[in-house]
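Structure first, commentary second.
The values are calculated or read from the model by the stated rules, or taken from the named source; none is laboratory data. In this text the structure is predicted, and so the values were computed from the model without any measurement. Note: ideal-geometry Cβ built from the backbone for every residue, glycine included; neighbour counts use all protein chains shown. Ligands, DNA and RNA are stripped out before the accessible areas are found, and what is left, the full protein with its side chains, is counted by its heavy atoms. Shrake-Rupley method; radii C 1.70, N 1.55, O 1.52, S 1.80 Å.
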Amino acid sequence: MSTPEAQARQQIDAQLVACGWVVQDYKQFNPAAGRGIALRETPLKSGTCDYLLLVDRKAVGVNEAKKPGTLLSGVAEQSGHYAENLPDFIQSIAPGSLPFLYESTGVETFFRDERDPEPRSRRVFSFHRPETLAGWLTEPATLRARLAAMPAAHPLAKAGMRDCQFEANTALEQSFVRDVLRSLVQIATGSGKTYFACAFSYRLIKFANARRILFLVDRANLGRQAMAEFQQFVAPDTGRKFTEVYNVQHLTSNQLDSVARITICTIQRLYSILRGEELDPDFDEKSGYEIATAYESGSGVPPLIPGDKRRDAASTLPVAYNAAIPIEAFDFIVIDECHRSIYGLWRQVLEYFDAFLIGLTATPSKQTIGFFNQNLVMEYNHERAVADGVNVGYEVYRIKTQVTEQGGLVEKGFYVDRRSKETRAVRWERLDEDLAYAAKDLDRSVVVKSQIRTGLEAFKDALFTELFPGRTLVPKTLIFCKD
């Protein structure tokens, strides 16, 4: 029976191959076998390196293999020691040291770049591809070095920004300077959250040379709104529109645009892309939060993927490595309405990528703040927005109906239509006994259309009398619907 170490190396070998590496034994070294070669059991000046990573025939990194369960944070010093003791016959990028250091058990993998201002290990889903490391080596400074230099080298201009947007942008950039991977921004609804996202995205691309930014939304309609915001955004330094300078893609298929600097996508579509399967088009229009909630509750929702028989989160296949969209595909991921999008089924999608995560929300929960490791860089709530004159205050206008207060009764002998939650098919049924329902059953197991109509009519009738007397134009009204 193979040892735990041998089993770990089998898994590591498979992961390296999936990420584009050619795995070879040291004694059978063939430098022409591929662009990226992972050389096993390479003798160094002190000890033996589990995997020496070579790109274009030059050593660029090492991977220290450990058995599953090993605390990798304590192994980083060992991999660093190997990287500084290369044999004379191995050509390296930097004499005496290597920049890219990995530690892996086959279950968990850590990575750090020694060229960063303050190198530190971070957990990654898998290995980076050889061509990615080759590209990083051509850059005069790492992404983290560029982020650290950006605030001083390119001061943020306040022109065109509200005070809250300027404050949020400044705080977010300071979070990047500290190399914090997850940053949460609370900014009240109506305060210009998407404009703020366009502003910091523009700066990240122009001044930090971010290759690609992913803007994740909960449903396709929000993606269309975000696309319109990027199209309307005017750069403060050039006066040109965002889309005149950089390509922005609103993803409605599973094909990423290779030249797009901004990709707008629903989290459910991104899940299907990673799975290598086509998403049922209807799911792009649904709320990702409600899809995940339905799966986790086992309420019998249709499958995400056409033909898929799975019905709940426990049986849904996990995200696996996809060479077409590697872990380094995005430098930054902006999660809109992140209080809805980061739990259950979808959390694994976010943690697949080796990227900075930026959460945007007006109403962070304790779980949201916990996911972002308590790094709430900006707290701009409704009360502050009202005090600043950005938003206006509100009053509660409650509309009560007999059904919403007391429930109702359908007497036996009447016909009712019963709709399947899974297929939406309707069948008619004659009641052989009274059907009583409580107020809590409304819009869950019972739909009373007349009650919905009554509420809307009461609101309409009160608009110009009780709510906004003397006005001919009323504020925007949002109506939250089940479908």
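So for TYR246, TYR195, TYR394, TYR352, what's the accessible-area order with a 1.4 Å probe, most first?
Working: TYR246 30, TYR195 60, TYR394 170, TYR352 0 Å².
These residues rank, largest area first, as TYR394, TYR195, TYR246, TYR352.
So what does LYS158 come to for accessible area, using a 1.4 Å probe and Å² rounded to 10?
That residue has around 100 Å² of solvent-accessible surface.
Considering the zone a paramagnetic label at ALA18 would reach in this model (a point 7 Å from Cα along the Cα-to-Cβ line), which residues of the stretch 346-382 have amide N under 16 Å from it?
Correct set: 348-354.
Please get the size of the charge dipole for the chain, origin at its Cα centre, with Cβ charges of +1 on Lys and Arg and -1 on Asp and Glu, quoted in debye to the nearest 20.
Working: 58 positive and 61 negative charges, 94 e Å.
Using Cβ point charges on Lys, Arg, Asp and Glu, the chain gives about 460 debye.
Excluding residues on the same chain fewer than 8 positions from LYS58, give the lysines whose Cα lies under 25 Å from its Cα.
LYS27, LYS45, LYS66
Considering only DSSP beta bridges with both partners in the stretch 167-268, what is the antiparallel share in %, to the nearest 5?
Values: 1 of 9 bridges.
Antiparallel bridges: around 10 percent, rounded to the nearest 5.
How much of the accessible area of the stretch 145-269, probe 1.4 Å, is carbon plus sulfur, in whole percent? Intermediate results must be reported in sequence, preceding the final value.
Values: 2410 of 4840 Å².
C and S atoms contribute 50 percent here.
Could you work out [θ]222 nm for the chain from helices alone, using -39500 (n - 2.57) per DSSP H run of at least four and dividing by all its residues? Round to the nearest 500 deg cm²/dmol. Write out the running numbers ahead of the final one.
On the way: 17 runs with 153 residues, N = 483.
Result for the chain: -9000 deg cm²/dmol, rounded to the nearest 500.
List the lysines whose alpha-carbon lies under 26 Å from that of LYS158, not counting same-chain residues fewer than 8 positions away?
Within reach: LYS193, LYS206, LYS241.
Check which residues have an amide H placed less than 5 Å from GLU64's amide H, if you skip close sequence neighbours.
TYR102, GLU103, SER104
Could you work out Rg/(2.2 N^0.38 Å) for the stretch 105-257, with Rg from alpha carbons only?
Details: Rg = 17.0 Å, N = 153, 2.2 N^0.38 = 14.9 Å.
Ratio of Cα Rg to 2.2 N^0.38 Å: 1.14.
Compare ARG9, ARG203, ARG240 by solvent-accessible area with a 1.4 Å probe and give them largest first, with all protein chains kept in place. Display every interim value, and only then the final one.
Details: ARG9 65, ARG203 15, ARG240 115 Å².
My answer, sorted largest first, is ARG240, ARG9, ARG203.
At VAL447 and CYS481, where each label point lies 7 Å from the Cα along Cα→Cβ, what is the point-to-point distance in nanometres?
1.1 nm
In nm, to one decimal, how far is the modelled label at THR252 from the one at LYS440, with both set 7 Å along Cα→Cβ?
Modelled inter-label distance: 4.3 nm.
Grab the Cα-Cα distance for ASN381 and ALA458, subtract it from 0.36 nm times how many residues apart they are, and report the gain in nm with one decimal.
Details: separation 77, 0.36 × 77 = 27.72 nm, distance 3.04 nm.
Once the chain is fully extended between ASN381 and ALA458, it gains 24.7 nm.
Mind grabbing the accessible area of LYS45 for me, 1.4 Å probe, Å², rounded to tens?
130 Å²
In whole percent, what relative contact order does the chain give with Cα contacts below 8 Å and a gap of six or more residues? Write out the running numbers ahead of the final one.
Details: 799 pairs, mean separation 55.0, N = 483.
That works out to 11 percent.
To make sure I understand the rule: partners must be lysines, Cα under 25 Å from the Cα of LYS412, and not fewer than 8 residues away in the same chain. Which ones qualify?
Partners found: LYS421, LYS440, LYS449.
What is the distance, in nm, between label points placed 7 Å from the Cα along the Cα-to-Cβ direction at ALA171 and at LEU467?
Result for the modelled spin labels: 3.2 nm.
Keeping every protein chain in place, order LYS366, LYS58 by accessible area at 1.4 Å, biggest value first, i.e. largest first. Please report the intermediate quantities before stating the final value.
Numbers: LYS366 180, LYS58 85 Å².
Most to least solvent-accessible, the answer reads LYS366, LYS58.
Could you compute the FRET efficiency for ALA152 and GLN10, with r as their C-beta to C-beta distance and R0 at 41 Å, rounded to 0.05? Can you show the working numbers first?
On the way: r = 48 Å, r/R0 = 1.17.
The formula returns an efficiency of 0.30 here.
Can you tell me what percent of all Cα-Cα pairs in the chain are more than 41 Å apart?
In whole percent, the long-distance tail amounts to 33.
Only four residue types carry charge here, +1 at the Cβ of Lys and Arg and -1 at the Cβ of Asp and Glu. Report the dipole size of the stretch 313-409 about the Cα centre in Debye, rounded to the nearest 20. List each step's numbers first, then the result.
On the way: 6 positive and 11 negative charges, 85 e Å.
Using only the charged Cβ atoms, the result is roughly 400 debye.
Mind giving me the FRET efficiency for SER2 and GLU108? R0 is 25 Å, r the Cβ-Cβ distance, nearest 0.05 is fine. Don't skip to the end; give the middle numbers.
Working: r = 19 Å, r/R0 = 0.77.
The formula returns an efficiency of 0.80 here.
Calculate how many DSSP beta bridges within the chain are antiparallel, expressed in % of all such bridges and rounded to the nearest 5. Each step should come with its number before you reach the end.
Working: 30 of 67 bridges.
Antiparallel: roughly 45 percent of the beta bridges in the chain.
Given 0.36 nm per residue, what is the gain on full extension from THR238 to ARG430 after removing their alpha carbon distance, in nm?
Result for the pair: 62.3 nm of gain on full extension.
Mind checking the dipole of the stretch 330-483: about its Cα centre, +1 per Lys or Arg Cβ, -1 per Asp or Glu Cβ, Debye to the nearest 20? Working shown, then result.
Details: 21 positive and 23 negative charges, 79 e Å.
That gives the stretch 330-483 a dipole magnitude of about 380 debye.
Rank PHE459, VAL334, ALA38 by how far each Cα sits towards the positive end of the charge dipole of the chain (+1 on Lys, Arg Cβ; -1 on Asp, Glu Cβ) and give me just the farthest.
In the chain, that residue is PHE459.
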